[in-house]
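The values are calculated or read from the model by the stated rules, or taken from the named source; none is laboratory data. Not measured: the values here are computed from a predicted model. FYI the Cβ positions are ideal-geometry reconstructions off the backbone, even for glycines, and counts take in every protein chain you see.
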Amino acid sequence: MSGGTFNYHEMHIEGMADYVRRTYLKHKSREWVEFVQTQKCKWFKPYSKETLKVLKKAYKVLRIAYIYAKCIDYLEAGDYGEEDFKENLDYKIGELSQEMKITFRVSPEQIKTWIEDYDEDDYLF
């Protein structure tokens, strides 16, 4: 198994990025917002456009941090030489630009899943 330099903690960064992405998508989804507001969480208010922009930027920053950590992990583990490290880092960052164009779309099936998996305790602080 490759890597391990960071004890696989880079996966936590990836998990945080995914959470931020889902939060963004939920707050941007009219169907999801309407559903949550009809539940016991009447106080729920979707985030403003400005906050959504920050979440989108946070996602990108977290994904970049994950990509760097993963590539450094492979370099330190000997899976990448210096040239491979640089090439793969550039390639992965380039892929992120393409990913950003499609990752912030949500399908009706995904919204249905969110509604089916709804747990009011997730919104009680």
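Computed quantities for the displayed model
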item	result
Residue count for region 28-59, restricted to those that are assigned to a helix (DSSP H, G or I), closer than 18 Å to Asp119 by Cβ, out of contact with any Lys or Arg (no Cβ under 7 Å at 6 or more places or on another chain) and hydrophobic (A, V, I, L, M, F, W, C)	3
Pairs with Cβ under 7 Å, 6+ apart, first in region 92-114 and under 15 Å from His27 (Cα atoms), second loosely packed, with under 15 Cβ neighbours inside 10 Å	Ile111/Glu31
Filtered residues of region 24-54 (kept if surrounded by 17 or more Cβ atoms within 10 Å (Cβ to Cβ) and in contact with a His (Cβ under 8 Å, 6 or more places away or on another chain))	Pro46, Leu52
Criterion violated by Leu62 - all others in (1) under 30 Å from Gly4 (Cβ atoms); (2) not in a helix (DSSP H, G or I) satisfied	(2)
Candidate set from region 71-103 (those that are charged (D, E, K, R) and touching a Leu at 6+ places or on another chain (Cβ under 9 Å)); member that is surrounded by the most Cβ atoms within 10 Å (Cβ to Cβ)	Asp84
Residue match in region 57-67 (condition: of a type in the set (D, E, K, R) and at pLDDT below 90)	no
Residue count for region 55-70, restricted to those that are of a type in the set (Val, Ile, Thr) and surrounded by fewer than 15 Cβ atoms within 10 Å (Cβ to Cβ)	1
Residue, nearest to Thr103 (Cα to Cα), within region 8-27, restricted to residues that are among the hydroxyl-bearing types (Ser, Thr, Tyr) and part of a helix (DSSP H, G or I)	Tyr24
In region 98-115, residue nearest to Cys71 (Cα to Cα) [restricted to those that are under 14 Å from the mean Cα position of the chain (by Cα) and of a type outside the set (A, V, I, L, M, F, W, C)]	Glu99
